[in-house]
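In what follows, a single structure is set out as structure tokens and then discussed.
The values are calculated or read from the model by the stated rules, or taken from the named source; none is laboratory data. Computed from a prediction, not measured in an experiment: that's the story for all the values here. No Cβ is skipped: glycine too gets one built from the backbone with ideal geometry, and neighbour counts run over all protein chains shown.
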Amino acid sequence: MLFGFPRAVIATAFATMIAFMGIGVVDPILPVIGRQMGASPAQVEMLFTTYIAVMSLAMLLSGVLSTRLGGRRTMLLGLLLVIVFATISGLSDTVWHLAEARGGWGLGNAFFTSTALAIIVGLSSGGTARAITLYEMALGLGLSSGPLIGGFLGSISWRLPFFGTAALMAIAFAATYFTVKEPERREQPRRARDILQALGQGNVLTNALAGLGYSYGFFTILAYSPIYLHMQALPLGLTYFAWGILVAISSVFIVNWLRPRIGALALLEWNLVLFALLMVGLFMVRGTPPAIGLIIASGLLCGIANAVFTTLAIEISPFTRSISSGAYNFLRWAGAAIAPVLSGYLDKAFSPQLPFLVSAAVVVVAIILLVARRRPMGAAIAAAAAEFEGHA
């Protein structure tokens, strides 16, 4: 998989893996933080919501910033912010201070991740799909190794995963600084308004809104279910490590096997149908073992959805990579930001199972949007494929 990519692309992919470790590293220690700080499920979930909400809003700026500062400088700024705020997270004494630090962490991650995707696609040869496969592999490995590190270090102290992530980010910063060069072709300077205007294009808006619905379900799995399972840090870490491995496998191998056979849109629609049914299953089952099985199995579906949505964000958009990525991620992360805190509230106010049923309903809305816009989105995908073949 790594053969044929320039060193700068491999270094960026490595830094991407470390960046996404920062999302999953918190999973196994959420119950520990809740117990030690006397926080409710909704308060604990603010550690995800502030992180992702800031990340969503920052997507309006990250693509714009990269066209002015350059992709390399924007990535380095993002990595530096993550190092600082991950360290502050480990030093926090209250759940609210921790949530504020996680917001700063989300700002840094936004600057890095959207720019990293543009760098990987821009510096790679062999087409957009191959570059995005590398990006998704890095994402999946980060999501899988993050909970494992969080579970191991969190079993000693809930502060150690934050310090460990800061140390790994420092390594990623050094790798990016010494190996990544600015692409020869820099995009023209853009404004935040350009990203909002991009969302006025029908296909871009449909993909982003459907991504929002899917991301709501994704973060119900990633952010809420650790609270639902009531397990210790290390078993939680192992559970989400297995889940993340399946995310990586499906986003790299399974999606590239299925997409040529049934098409991107059909694959995405059927995958989301299965994801919604899995959420209904989590609503209906009682007991930890079957819930763990369904959560781990959801990794296969999440990996496929992650890869297809990210690829479509670039393929169906008539805009530049930074604007396309920024527009998609702005709405996508908005859905992710709502899921954790709303799920925590539904848990306390109604029942622990209800958040999964709500997630299933939100994913169904995403499916309806995709089906309604199947024809124009299919035409855009076909045009993108013809353009790539023309340049090959």
Margin query: Could you list, ordered by first residue, the pairs with Cβ atoms under 6 Å in which the first is in the stretch 213-230 and farther than 14 Å from Phe275 by Cβ and the second is among the aromatic types (Phe, Trp, Tyr) and not in a loop (DSSP other than H, G, I, E, B), at least 6 apart or interchain?
Written below: Ala223/Phe48
Item checked: Residues satisfying the stated conditions in the stretch 317-350, i.e. within 21 Å of Pro41 (Cβ to Cβ), over 16 Å from the mean Cα position of the chain (by Cα) and either of a type in the set (Ser, Thr, Tyr) or part of a helix (DSSP H, G or I) (or both) -> Val341, Leu342, Ser343, Gly344, Tyr345, Leu346, Asp347, Lys348, Ala349
Next item on the list: Run Phe356 past the list (1) within 17 Å of the chain's Cα centre (by Cα); (2) buried (at least 21 other Cβ atoms within 10 Å of the Cβ); (3) of a type outside the set (S, T, N, Q); (4) modelled with pLDDT of 85 or more and report the number of the one that doesn't hold.
Entry: (1)
Next item on the list: Return the only residue of Leu282, Leu294, Leu277, Leu246 being in contact with a Gly (Cβ under 6 Å, 6 or more places away or on another chain), over 18 Å from Ser145 (Cβ atoms) and at pLDDT 85 or above.
Entry: Leu294
Item checked: Breaking point among (1) at pLDDT below 80; (2) buried (at least 19 other Cβ atoms within 10 Å of the Cβ); (3) within 25 Å of Ala242 (Cα to Cα), for Phe5 -> (3)
Check: Here are Gly38, Gly22: which of them is surrounded by fewer than 23 Cβ atoms within 10 Å (Cβ to Cβ) and either within 20 Å of Ser251 (Cβ to Cβ) or modelled with pLDDT of 75 or more (or both)?
Finding: Gly38
Note to self: Condition first: in contact (Cβ under 8 Å) with a residue 24 or more places away in the chain and in contact with a Pro (Cβ under 7 Å, 6 or more places away or on another chain). Now tell me which residues in the stretch 292-349 satisfy that.
What the structure shows: Ser343, Gly344, Asp347, Lys348
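Find the helices (runs of 4 or more DSSP H) located wholly in the stretch 221-301 whose residues include 3 or more that are crowded, with 23+ Cβ neighbours inside 10 Å and of a type in the set (A, V, I, L, M, F, W, C), and list them. Give the steps one after another, and end with the answer.
Working: elements: 225-229, 233-249, 255-262, 264-284.
Filter on the stretch 221-301 gives 233-249, 264-284.
Being closer than 22 Å to Trp243 by Cα, assigned to a helix (DSSP H, G or I) and out of contact with any Asp or Glu (no Cβ under 8 Å at 6 or more places or on another chain): is that true of Ile314 here? Spell out the reasoning first.
Values: closer than 22 Å to Trp243 by Cα: no; assigned to a helix (DSSP H, G or I): yes; out of contact with any Asp or Glu (no Cβ under 8 Å at 6 or more places or on another chain): yes.
It is false that Ile314 is closer than 22 Å to Trp243 by Cα, assigned to a helix (DSSP H, G or I) and out of contact with any Asp or Glu (no Cβ under 8 Å at 6 or more places or on another chain).
Inside the stretch 42-52, can you point out the residues that are of a type outside the set (D, E, K, R) and either surrounded by fewer than 23 Cβ atoms within 10 Å (Cβ to Cβ) or over 14 Å from His230 (Cα atoms) (or both)? Can you show your working first?
If we filter the stretch 42-52 for residues that are of a type outside the set (D, E, K, R), which is where we start, we get 42-44, 46-52.
Ala42, Gln43, Met46, Leu47, Phe48, Thr49, Thr50, Tyr51, Ile52 - these are the residues of the stretch 42-52 that are of a type outside the set (D, E, K, R) and either surrounded by fewer than 23 Cβ atoms within 10 Å (Cβ to Cβ) or over 14 Å from His230 (Cα atoms) (or both).
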Next item on the list: Kindly establish whether Leu160 is touching a residue at least 40 places away in the same chain (Cβ under 8 Å) and within 24 Å of Leu246 (Cα to Cα).
Entry: no
